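Below is one structure, written out as structure tokens; comments come after it.
The values are calculated or read from the model by the stated rules, or taken from the named source; none is laboratory data. These figures come from a predicted structure and were not determined experimentally. For neighbour counting, all protein chains shown are included, and Cβ atoms are generated from backbone atoms with ideal geometry for every residue, glycine included. SASA here: full protein model, heavy atoms, side chains in, ligands and nucleic acids out. Shrake-Rupley method; radii C 1.70, N 1.55, O 1.52, S 1.80 Å.
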Amino acid sequence: MKRRSFLALGTAASALLATGALPRVAFAQDAQKTLKLFYTTNLVSLDPVTSTAETVIQHGYYVFDTLFGVDENFAPQPQMVDTYSMSEDGLAWTFTLREGLSFHDGAPVTAEDCAASVHRWSQIDGFGRLLGEATETIEIVDDVTFSINLKWKFPRMLDALAKVHSSPCFIMPARLAAQPTSEPVTEMVGSGPYKFIAEQFVSGSKAVYEKFEGYKPRAELGAMTAGGKVAKFDRIEWVINTDPATGLNALNQAEVDILQYVSADLFPLIEGRDDVKAIPYNAQVPIVRFNSTQAPFNNAEFRRIAARALSPKDVLASLVDQIPDLYSDCKATYPCGLPGVIENAGELFDIYQGDFERSKAELAAAGYNGERVVILNPTTSFIGTTVSTIVADQLRKAGFNVDLQDMDWGTLLERRRSRESVDNGGWSIFTSAWTPVSIANPALNPFMRGDGDAGYAGWYENAELEGLITEWMQAETQEDNVTVFARIQDMLVEEVPTVPLGQFYSIVAARSNITGLEPKPVIYPWLLDRV
């Protein structure tokens, strides 16, 4: 299936950019109303507001709902909200909930729950913090109506509340939303279409969801995160196992319905089968995140030298087994093909072209003293360990003193919180991958912010950049929006808090009778069905 059979998939992937002897485990036979998904990455947290991990966000959409969703064009649409209005001066927004909303414990969803959830989210998420800074008060009008009163205009209010990925504004009971933001919520009580069955959850092995009979879908057709979220299955089970070969074998034997990701080297094992299909589900952007608070990467010149030493093409090709249809170069600080993004980062990737002697000379001229560069390597994540290993090799050749440290993904998520020196458990670089829509602009992209201690791990701080982002947020004309966005991108090329490495396409495999797996940011359960 490699280069020959994946040409058709490559066509779909390009469109998305513009928008045998295998290990086995035992699985019970599926009931008609039960759906089984095989995940090769663990559900590392249950709180989808405090974690940006993809599996946690998918879990969040099962359990929780949002005030607004987005349609297929990523335009905000009311979801839990029935009606809303903005005052004439643009400083007060009022929201009224639709009838029939209830939590999984039977309690009605109230304005107090929504206000508390928005307040909590606005202290954690990057887009939310921008809204939080603009907010004067959040007031309860009555049981189902609340208002957000602003210090200054916030034209992107609906975009913020409809944020689709990486810490969406999920609504939970006020008693849970009142929990300190430093403590992830572990009691899963939402108002979404599925209930989390806590007593059957086994971290690293199994997660179970059951249809919430009290959920009241909207009347509109479900699309992305908006419209009617109609649960087609009574029960959805996640089988969690880090071995993709085990997952593919289970899929081929009809023991699971969907395999989260198929690594490119396993493609031949599903070639020619009529009962299994492969889908180029979503583009992903691998990133290299610097710790800007620790030497050597507290110096922008060293960040630039490291960025120039990296070869995005080598990373991307390795992720997809050298299949050219499944990756795309992008010399930009934001994902190519999205509104306002300009490819102005060519020098970051082209200036050395493998000339490591030049990088060594520039390191010496910049005063590099051999500071240890600790790269966190998540060996349980195919994407993470592939990117980290290649980055480590290229930076070592470029003259950096690299220490590649192996760990599982959950340990990496904990370790990257450390602000200690590398000699005391700290770090210099970690890698991850994000869907383009989740990092499309300055409000959404947490690792292209300058918000320091309050921001994304790596804690890059730049007040001028934050001022430009605020200016972009408040722009009321498209012309101003484009102009300020370009200035932000120019600054990021100079400062390089993070290096994006182009885009590659993840492949989801499924039984042929499963529908609803068209490319989306995550696998939304209400779109899935079996025919």
Amide H of PHE290 versus every other amide H placed in the peptide plane: which residues, excluding those fewer than 5 positions away on the same chain, fall under 5 Å?
VAL499
Solvent-accessible surface ranking, highest first, for ARG416, ARG289 at 1.4 angstrom:
ARG416, ARG289
Counting every Cα pair in region 221-266, what percent are over 15 Å apart?
56
Treat every Asp and Glu Cβ in region 91-205 as -1 and every Lys and Arg Cβ as +1, leave all other atoms uncharged, and give the resulting dipole magnitude about the Cα centre to the nearest 20 debye.
420
Residue-normalised accessible area of the chain, given per residue in Å² at a 1.4 Å probe:
38
Run the helix sum for the chain: -39,500 (n - 2.57) per DSSP H stretch of 4+ residues, divided by residue count, reported at 222 nm to the nearest 500 deg cm²/dmol.
-8000 deg cm²/dmol
Once phi is turned into ³J(HN,Hα) by the Karplus curve 6.51 cos²θ - 1.76 cosθ + 1.60 with θ = phi - 60°, what whole-Hz value does each residue of region 347-364 show in order, with x for glycine and proline?
5, 5, 10, 9, 5, 8, 6, x, 7, 6, 5, 5, 5, 4, 5, 5, 4, 4
Dimensions (Å) - region 380-531, Cα atoms, principal axes, largest first
54, 48, 28
Under 20 °C and 1.002 mPa s, how fast does the chain diffuse according to Stokes-Einstein, given a Kirkwood radius computed over C-alpha pairs? Answer in µm²/s, whole number.
90
Quick one: which residues, 5 or more positions from ASN282 or on another chain, have an amide H under 5 Å from its amide H? H modelled 1.01 Å from N in the peptide plane, none for Pro or chain starts.
SER506
Please compute P(r) over all alpha-carbon pairs of region 31-75, binned at 5 Å starting from zero, and give each bin as a whole-number percent.
5, 17, 20, 21, 18, 15, 4, 0
If Rh is defined by the Kirkwood formula over all Cα pairs and Rg also comes from Cα, what ratio Rg/Rh do you get for region 48-103?
1.05
Kirkwood Rh in Å, taken over all unlike Cα pairs in region 59-159:
14.2
Shape call, region 194-273: gyration tensor on alpha carbons, a/c limit 1.5
oblate
Isolated cysteines for the chain, Cβ-Cβ cutoff 4.7 Å, are CYS114, CYS169
How many angstrom lie between the C-alpha centres of region 201-240 and region 82-139?
23
Please label the shape of region 344-391 as rounded, prolate or oblate, based on the square roots a ≥ b ≥ c of the eigenvalues of the alpha-carbon gyration tensor (a/c under 1.5 means rounded; beyond that, a/b larger than b/c means prolate, else oblate).
oblate
Taking a 20 Å limit on the Cα-Cα distance, which of the listed pairs LYS163/LYS232; LYS195/LYS216; LYS33/LYS211; LYS36/LYS206; LYS36/LYS211 fall beyond it?
LYS163/LYS232
With a ≥ b ≥ c from the Cα gyration tensor eigenvalues, square-rooted, and the rule rounded for a/c under 1.5, otherwise prolate when a/b > b/c and oblate otherwise, region 304-416 is oblate
How high is the FRET efficiency from ASP82 to VAL230, r the C-beta distance, R0 22 Å, rounded to 0.05?
0.75
If amide H atoms are built 1.01 Å from N in the plane of the peptide, which residues on other chains or at least 5 residues away come under 5 Å of the amide H of LYS206?
ILE240
Probe radius 1.4 Å, ligands and nucleic acids ignored: give me the carbon and sulfur share of the accessible area of region 279-377 as a rounded percent.
44
